[in-house]
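Enquirer: After the structure tokens below, expect a handful of questions from me.
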Amino acid sequence: MPEAGGWRGRIGAALSRWTLKDWLGSAFALVVVDQIAKVLALQWLGSGQVVEVTPFFNLVLVYNPGAAFSFLAGASGWQREFFVGVALLASGWITWMLHRHPGHVLFCGALTLILGGAVGNLIDRLWLGAVIDFLDFHVLGHHWPAFNVADSAISIGAVLLVWDAFRPVGDAQARGGSAAGAPKL
């Protein structure tokens, strides 16, 4: 007879023993993957060049001085310092939350994705003054704004954070978290 909880229960139990060091290490690994992907995009794609991968997905090199979905991309230049400040403040707050609640698996996993993505895009802003985007999905001629690995991690982390916020408090223990449930923001 399979063990109660199966592989998901074993993984959840193992993750619930993670410490701040483990969560930060995972965020760092995400930053490394993001930066490697961006370096490859810079090497393989010319600015504005479109490489069709599938009928709904292209690779295209775009420098985005704004935030998600090119928010404030057309501003006069002040947005770089603003987004750097936001990323630094968010990174500090996330690190503090990971330190305080390391055993809350879904909560910390979500924060780790957001932290890794924020730092990945922060590196671009400090290095180039804009974020390197290269993933372009489209349907019937309508294109989603180009994005990158870091943006994907931030989006997935945000969805997981919302999901975690709506879970019943006792649900965390069943998923490998502590009996007290995940901290509410």
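Enquirer: Give the residues of the stretch 134-149 that are touching a residue at least 24 places away in the same chain (Cβ under 8 Å) and over 18 Å from Gln43 (Cα atoms), sorted by residue number.
Expert: Phe137, His138, Val139, Pro145
Enquirer: Mind listing whichever residues of the stretch 47-57 are loosely packed, with under 11 Cβ neighbours inside 10 Å and modelled with pLDDT under 90?
Expert: Within the stretch 47-57, Ser47, Gly48 meet the criteria.
Enquirer: Could you look through the stretch 104-142, keep only residues that are among the aromatic types (Phe, Trp, Tyr) and not in a strand (DSSP E or B), and pick out the one that is surrounded by the most Cβ atoms within 10 Å (Cβ to Cβ)?
Expert: Quick first cut of the stretch 104-142, residues among the aromatic types (Phe, Trp, Tyr) only: 107, 127, 134, 137.
Keeping just the survivors that are not in a strand (DSSP E or B) gives 107, 127.
Working: Phe107: 25, Trp127: 12.
Residue satisfying both the conditions and the ranking: Phe107.
Enquirer: Against the conditions (1) farther than 21 Å from Trp18 by Cβ; (2) without any contact (Cβ under 8 Å) to a residue 12 or more places away in the chain; (3) of a type outside the set (Asp, Glu), where does Val131 fall short? Just the number, please.
Expert: Going through (1) farther than 21 Å from Trp18 by Cβ; (2) without any contact (Cβ under 8 Å) to a residue 12 or more places away in the chain; (3) of a type outside the set (Asp, Glu) one by one, Val131 breaks only (2).
Enquirer: Touching a helix residue (DSSP H, G or I) at 6+ places or on another chain (Cβ under 6 Å) and at pLDDT 95 or above: which single residue out of Ala87, Ala37 fits that description?
Expert: Ala37
Enquirer: Just to be sure, is Gly77 in a loop (DSSP other than H, G, I, E, B), of a type in the set (Gly, Ala, Ser), modelled with pLDDT under 80 and crowded, with 17+ Cβ neighbours inside 10 Å?
Expert: No, not satisfied.
The values are calculated or read from the model by the stated rules, or taken from the named source; none is laboratory data. For clarity, every value in this text was computed on a predicted model and none was experimentally measured. All Cβ positions, even for glycine, are placed from backbone atoms using ideal geometry, and neighbour counts span all protein chains on display.
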